[in-house]
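Single-structure report; data block below.
FYI, it's all coordinate maths here, none of it is from the lab. Keep in mind that what you see is a predicted model, and the values were worked out from it rather than measured. Cβ: placed from backbone, ideal geometry, glycine included. Neighbour counts: every protein chain shown.
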Amino acid sequence: MNIEKYDLIIVGAGSGNMIPVPEMDTWRLAIVEPDKFGGTCLNRGCIPSKMLLYAAEVAEMARHGAQLGLRHTLERVDWQRLVGRVWEKIDPAAAAGAQYRKSQPHVTVYDAPAQFVAPRVLETGGHHITAERIVLGAGARPVVPDIPGLENIAYHTSDTIMRLETQPRSLLIVGGGYVGVEMAHFFGSLGTHVTLTDHGGALIKRQDDDVAQAFTRIYQRRFDVLLHTQVRRVSLENGRIAVQVGVDGRHHTVRVDTVLIATGRRPNSDRLNVAAAGIEVDARGRVLTDAGMETNVPGIFAFGDLASRYPLKHIANAEARAIARHLLGGDKLPVDYDGVPNAVFSAPQVAAVGLTERDAVKQGRPYMTTRRLYADTAYGWAIGDTGSFVKLLADPASRLLLGAHIMGPHASLLIQPLVQGMKYGQTVDDMAGTIYIHPALTEVVEQALLEFPRRSG
């Protein structure tokens, strides 16, 4: 068996494409990417979804203009233009990334799936390659539950739903996590009738309970939301999809044009056959690493959705930078996960960092909490907001922020000063002592911080 030897092999050209830096130009590099360069985020995740969701935001703003005395109507949706705008940007960017790497004389790009066939030996498209240093960034894929009849319909996952050629008249979404609620917002804002199901008692239930419950109530006003629901079976009936669901012990059928499965993602460690390399995984298939993203096999690293506790693009980027630094001879510094923020780009937006109140109670941590409505600020009056809020948790002794949770317009922006404060050890008093612009919406953050009881003494 002929084995081609490299200085470094990178499997996955999402955030993995950040690792080859100019200092590696004298190395022989192999990049394995059977799909498009850019990974999930660029091609079927955060970037295209946010381009589509911006269109939904514009439609929603127009729809709510009546409360301001501005009456708009959504005359029609030019679906081909709306969707085409996204892929006219995304697809060339992915192709350009691949072409750039292929043009580099020290880089060989393999475009077939890879799997380990022996320790440190990968097979890809009939080629066998090896290196002392291997970085695995092969990502994750959608989980598709075992629903009878699903194999007989053209269902969609997050990998395919954004490339629909026509807008569906009706859509059933299985799963009330961030993918499900974002896609409900997109399609529903443009006129698709949306039914959203979840087996739990609230949507986005990993968020703080106050946020999840308030968010769920808003979505129940916008869409058909079925909680405590199990999808029993799907079938085709007269050109439509009949979905049998069980809700609180009762059974009925929902008929729709399209079904989106949004029930989570699983790491691609099985497709890499990591067991053949002696690489350890947990029960979910997540590759186990140390604090510097190195696996139990020295010289083999794993990161991103394949290995990280946080399946977020900004975390994958940080992990890739840390691995590159170590590969170049730097100390294997642990990736700093303090203050990892997340956001849901729905309507309303949601953003969070740190502990939920549920976490604090479970951990037995003392905490104090404040809550401030957008409606209590001047800009909240300006936009006519009535339900959005900021919720904060802090340690009563140290007065350090433990968690922040925002539901409302621009939540993903308003969270950032709180992230910075947590990262650099500022107390809630320090953060409240900053001068906030009046009457900007950031005043809701300031006022929430000022709601904490003053330090005694």
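Of the Cα atoms belonging to the stretch 150-263, the radius of gyration and Dmax stand at 13.4, 42 Å. Rg/Rh for the stretch 348-450 stands at 0.96; both radii use Cα atoms, and Rh follows the Kirkwood definition. Only helical runs count toward this figure. For the chain, summing -39,500 (n - 2.57) over DSSP H runs of n ≥ 4 and dividing by all residues gives -8500 deg cm²/dmol at 222 nm.
By its C-alpha gyration tensor, with a ≥ b ≥ c as the square roots of the eigenvalues, how is the stretch 65-104 shaped: rounded for a/c under 1.5, else prolate for a/b larger than b/c, else oblate?
Verdict is prolate for the stretch 65-104.
The stretch 45-63 and the stretch 292-332 have Cα centres spaced 32 Å apart. Here Asp78, Asp395 are placed in order of increasing Cβ neighbour count within 10 Å, fewest first, which gives Asp78, Asp395. May I ask for the distance between the Cα centers of the stretch 415-457 and the stretch 367-392, given as a whole number of Å? So the separation of the two Cα centres works out to 14 Å.
In this calculation the C-beta distance from Gln416 to Val143 is compared with R0 = 45 Å, giving a FRET efficiency of 0.90. Bridges between two residues of the chain, per DSSP, are antiparallel at a rate of about 60%.
Each Lys or Arg adds one and each Asp or Glu takes one away; over the other residues whose Cβ falls under 15 Å from the Cβ of Leu441, this sums to -3. Residues Ile261, Ile10, arranged from fewest to most other Cβ atoms within 10 angstrom of their Cβ, appear as Ile261, Ile10. Amide H contacts of Glu4: His128, Ile129, Thr130, each under 5 Å away and 5 or more positions distant or on a separate chain (H built 1.01 Å from N in the peptide plane; Pro and chain starts excluded). Summing charges over neighbours of Phe389, with a neighbour being any other residue whose Cβ is under 12 Å away from its Cβ, gives -2 when K and R count +1 and D and E count -1.
Taking other Cβ atoms within 10 Å as a rough exposure proxy, Thr229, Thr166 sort from fewest to most as Thr166, Thr229.
Computed over the chain, the Cα gyration tensor eigenvalues convert (square root of 5λ each) into semi-axes of 38, 31, 21 Å, ordered from largest to smallest.
Dipole size of the chain about its Cα centre, with +1 on Lys/Arg Cβ and -1 on Asp/Glu Cβ: approximately 660 debye, rounded to the nearest 20.
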